[in-house]
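The values are calculated or read from the model by the stated rules, or taken from the named source; none is laboratory data. A quick note: this is a predicted structure, and the numbers were derived from the prediction, not measured. Glycine gets a Cβ as well: all are built from the backbone with ideal geometry, and neighbour counts include every protein chain shown.
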Amino acid sequence: MELVISNLSKRYPNGVQALDNVSMTIPCGMFGLLGPNGAGKSTLMRTLATLQEADSGSVRLGDLDVLNDKKGVRRVLGYLPQEFGVYPRTNAVELLSHFASLKGIPSSQRRGVVDAMLKRVNLYQHRFKAVASYSGGMRQRFGIAQALLGDPKLLIVDEPTAGLDPGERYRFYNLLAEVGESVIVILSTHIVQDVKELCTNMAIIDQGRLLFCGEPAAAERRLVGKVWQKSVTKTELPSLQTKHQVISTKLVAGRPLVHVLADHNPGDGFEAVEPDLEDVFFATVPRVA
Ligand code: ADP
């Protein structure tokens, strides 16, 4: 099964063009939707999750017409929104049982399904604690448990690792990586590392437009021989920025390490470097570099 998005556009009443004629095909497996804040990721995710309307375009999931058959989509959809509210005193078993009943899981099976899911996301020993008291990482794992109820064919997770510490992020990655090859998982993120570590396919969007769609390795290959780096001092930085196309500046041991994009050796002591996904992102969306 594939998710085929064709010419999808959305303009908000305030005039912001959040999606501008977006077309792409998303296969099974982990797909990373990468873009800076305000790129249109959530708008796309909410549209795919049938929570908001597009102005024009179409989306098909196998035989399903996603924009018009909302009930059909909801039967096969799992969705982890950016923020989900939880009732202050409700524990994980109660809350997940509630979601299970909303998903139509019969009451006779509910307890078994809920327990199995809490084991799967490693929250079983915390099942009687209030979800509101969970750490960020535990909450996101609870969110995935909720989204995976009913064996969705399409799993949408919107900025799931924002706010997680490295350990929590790693556990969350492992959980997502286990979801399976036969499910379409779309992960939206502004964090390049999320895509690098998890996704077999990806897209980059900015200002509502699709700028790249394909395999991360293919995106990196496009930049081979074009990325150059140099460790500089802070005072050198401004003049380099006027002379070269700087795509990223990182501090390494307190010194700026500058990456520039150039078809040929730019001189000035720059040396060639293997492009990575971060170079791809900043070269594709230069305004955030
Ligand atoms: P992202 O998820 O990539 O940060 P969003 O889809 O949330 O991007 O937003 C895309 C653009 O649309 C932004 O400029 C944002 O300010 C604007 N936007 C999002 N939601 C609304 C809304 N309900 N009304 C008006 N503008 C909105």
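Since Gly78 meets every condition but one in (1) within 14 Å of the chain's Cα centre (by Cα); (2) more than 15 Å from the ligand (Cβ to nearest atom), which condition does it not meet?
Against the list (1) within 14 Å of the chain's Cα centre (by Cα); (2) more than 15 Å from the ligand (Cβ to nearest atom), Gly78 comes up short only on (1).
Tell me, please, whether a residue that is touching a residue at least 60 places away in the same chain (Cβ under 8 Å) and in a helix (DSSP H, G or I) can be found in segment 81-89.
Within segment 81-89, none of the residues are touching a residue at least 60 places away in the same chain (Cβ under 8 Å) and in a helix (DSSP H, G or I).
Please name all residue pairs, on different chains or six or more residues apart, with Cβ atoms under 6 Å, provided the first residue is in segment 270-289 and is in contact (Cβ under 8 Å) with a residue 40 or more places away in the chain and the second residue is surrounded by 15 or more Cβ atoms within 10 Å (Cβ to Cβ) and among the hydroxyl-bearing types (Ser, Thr, Tyr).
Ala289/Ser248
Tell me which residues, restricted to segment 104-116, are crowded, with 17+ Cβ neighbours inside 10 Å and touching a Lys or Arg at 6+ places or on another chain (Cβ under 9 Å). Write out each step before concluding.
Of segment 104-116, the ones crowded, with 17+ Cβ neighbours inside 10 Å are 105, 110, 113-114.
Val114, the sole residue that qualifies.
Working only within segment 25-75, note down all residues that are on the phi > 0 side of the Ramachandran plot and more than 16 Å from the ligand (Cβ to nearest atom).
Gly29, Gly62
Name the one entry in Arg89, Arg111 that is more than 16 Å from the ligand (Cβ to nearest atom), in contact with a strand residue (DSSP E or B) (Cβ under 7 Å, 6 or more places away or on another chain) and closer than 29 Å to Arg139 by Cα.
So the residue among Arg89, Arg111 that is more than 16 Å from the ligand (Cβ to nearest atom), in contact with a strand residue (DSSP E or B) (Cβ under 7 Å, 6 or more places away or on another chain) and closer than 29 Å to Arg139 by Cα is Arg89.
Let me confirm something: among Ser42, Ser58, which residue is touching a residue at least 24 places away in the same chain (Cβ under 8 Å), surrounded by 14 or more Cβ atoms within 10 Å (Cβ to Cβ) and part of a helix (DSSP H, G or I)?
Values: Ser58 fails: part of a helix (DSSP H, G or I).
Every option except Ser42 fails the conditions.
Of the residues that sit in segment 82-100 and are among the hydroxyl-bearing types (Ser, Thr, Tyr) and surrounded by 13 or more Cβ atoms within 10 Å (Cβ to Cβ), which one is modelled with the highest pLDDT?
Across segment 82-100, the extreme among qualifying residues is Ser97.
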